[in-house]
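What follows is calculated from the coordinates using simple rules that are stated; it is not laboratory data. Computed from a predicted model, the values in this text were never measured in an experiment. Ideal geometry is used to build each Cβ from the backbone, glycine not excepted, and the neighbour counts take in all protein chains shown.
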């Protein structure tokens, strides 16, 4: 008998924000029809190194300038990059390079019109809808038919 695992949705953000920034978006997603019919979806948000609760100004940041994308090479989870059209912090070419190296894992969406780098604060509803649109493309969220 085959077993299935419930999807885990991981939310991460850099730029000095903390994991709690995702709460309004997660709340909206939990209310969506897509996730209402999906049993056992788990939501996890985390603070990246040097962000939120992991920020420690007494320790200098350890950045690998020789291999800045080394962490992305170890990822096996489907990951989508979103940005706002007014942001100055999202380098489209850098993220396109990541997508080109591992297109089976990474996707990049067109920038959300009129949004800045703090789009999750500016418009949680639009951000939730953009993420839900990504989820609809994943097999684990597609409707299944039962055969008796």
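List of remarks:
- Fewest-first ranking of 144, 101, 28, using other Cβ atoms within 10 Å as the exposure measure: 144, 101, 28
- For the pair residue 110 and residue 39 in one chain, pulling the backbone fully straight at 0.36 nm per residue adds 22.6 nm over the alpha carbon distance.
- Model label points for residue 80 and residue 121, set 7 angstrom from Cα along the Cα-to-Cβ axis, are 2.4 nm apart.
- With contacts taken as Cα pairs under 8 Å and at least 6 residues apart, the stretch 81-148 reaches a relative contact order of 35 percent.
- Using the empirical formula 2.2 N^0.38 Å as the baseline, the Cα radius of gyration of the stretch 104-147 reaches a ratio of 1.50.
- Annotation: for a label point projected 7 angstrom from Cα along Cα→Cβ of residue 9, residues of the stretch 125-145 with backbone N closer than 19 Å are 125-144.
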